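The values are calculated or read from the model by the stated rules, or taken from the named source; none is laboratory data. Given the structure is predicted, the values throughout are model-derived calculations rather than measurements. A quick note on method: Cβ atoms are made from the backbone with ideal geometry, for glycine too, and the neighbour counts reach across all protein chains shown. When the accessible area is computed, the model is the full protein with side chains, heavy atoms only, and any ligands, DNA or RNA have been set aside. Shrake-Rupley method; radii C 1.70, N 1.55, O 1.52, S 1.80 Å.
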Amino acid sequence: LGRLGAMEMTAASDIDIMFVYDGAGDAEATQYYGRLVRRVVSAIASPTEEGPLYEVDMQLRPSGSKGPVAVSFAAFENYYRNDAWTFEKMALSKARPVAGDSALGARIEREIASILARPRDCPATLRDIDEMRERLYASRPARSDFDLKLVRGGLVDIDFIVEAAVL
């Protein structure tokens, strides 16, 4: 997701990732994939003399920090079809598989395309997006008029416009 998914990584980027596996979401699979995810994240984010390779953000996974660190494809599909908030669907516009089984990756890509193409209430969606952007203005204000990322009309606004158009 994020800059990694959009292929826009910079030296300061964090990695927004979600782990999706194929199979039953039973306790054994949840435990196995949970351990695997913790090892992968630890390898990516381990501190070194120069700092971590990347900061890892997994907040965009289904149910955020309250949910499992890895989700079954069925849980992914169900969450984004029935429970995801507008901003979570916006994040899917930059999502792409970056590793793992190619057949599962293709299924995930098809599911994302299907979720993004679903009919939705446009005025309500635009209100959600506007409210989210206003919350971001309040929580992460531009440091100056030259903060091209966060200033009103800047890069984040362009992202929001594109993601709104996708939805």
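Between CYS122 and ASP83, the modelled labels are 3.1 nm apart [label points 7 Å from Cα along Cα→Cβ].
Taking amide H as placed 1.01 Å from N in the peptide plane, the amide H of TYR21 sits under 5 Å from that of VAL71, SER72, PHE73, each at least 5 places away or on another chain. When Rg and Dmax are taken over the Cα atoms of region 79-167, they come to 15.1, 46 Å. In this rough spin-label picture, where each label sits 7 Å from Cα along the Cβ direction, the ALA27-SER63 distance is 1.5 nm.
If you build a Gaussian network model of the chain, linking Cα atoms that sit under 10 Å apart, which residue out of ASP14, ASP121, ASP83 swings the most? For the chain, modelled as a Gaussian network with Cα springs under 10 Å, the answer is ASP121. Membrane-span-like helices in the chain, defined purely by DSSP H runs whose alpha carbon atoms cover 24 Å or more axially and whose average Kyte-Doolittle hydropathy reaches -0.5, are 27-45. With unit charges on the beta carbons (Lys and Arg positive, Asp and Glu negative) and the dipole taken about the Cα centre of the chain, which residue among ALA12, GLY105, LEU53 sits farthest to the positive side? Toward the positive end, the furthest listed residue is GLY105. Please give me the summed charge of the neighbours of LEU148: other residues whose Cβ is under 13 Å from its Cβ, Lys and Arg +1, Asp and Glu -1. Taking every other residue near LEU148 into account, the sum is -1. Each label was represented as a point 7 Å from its Cα along the Cα-to-Cβ direction; for ALA74 and SER42 these points are 3.0 nm apart.
Under the definition of Cα pairs under 8 Å and six or more residues apart, what whole-number percent is the relative contact order of the chain?
Details: 182 pairs, mean separation 36.7, N = 167.
So the answer I get is 22 percent.
Taking amide H as placed 1.01 Å from N in the peptide plane, ASP57 has its amide H under 5 Å from the amide H of ILE15, ASP16, ILE17, each at least 5 places away in sequence or on another chain. The dipole here belongs to the chain: it is taken about the Cα centre, uses +1 on the Cβ of Lys and Arg and -1 on the Cβ of Asp and Glu, and is about 180 debye. If you roll a 1.4 Å probe over region 17-167 with all protein chains in place, what percent of the accessible area is carbon or sulfur? Carbon with sulfur: 56 percent of the solvent-accessible area.
When the Gaussian network model of the chain links Cα atoms closer than 10 Å, the mean-square fluctuations of VAL20, VAL69, VAL151 top out at VAL151. Between the residues PHE146, ILE115, MET90, the greatest Cα displacement towards the positive end of the dipole of region 47-154, with unit charges on the Cβ of Lys, Arg, Asp and Glu, is found for ILE115. Please work out whether the chain counts as rounded, prolate or oblate from its C-alpha gyration tensor, where a ≥ b ≥ c are the square roots of the eigenvalues and a/c under 1.5 means rounded, while otherwise a/b larger than b/c means prolate and anything else oblate? Oblate is the answer for the chain, as a/c is 1.5 or above yet b/c matches or exceeds a/b. Scanning the chain for chymotrypsin sites (Phe, Trp or Tyr not before Pro) in DSSP loops with at most 12 neighbouring Cβ atoms within 10 Å leaves 1-84 as the longest stretch between them. What residue among GLU50, GLU131, GLU109 shows peak mean-square fluctuation when the chain is described by a Gaussian network model with Cα springs under 10 Å? Answer for the Gaussian network model of the chain: GLU50.
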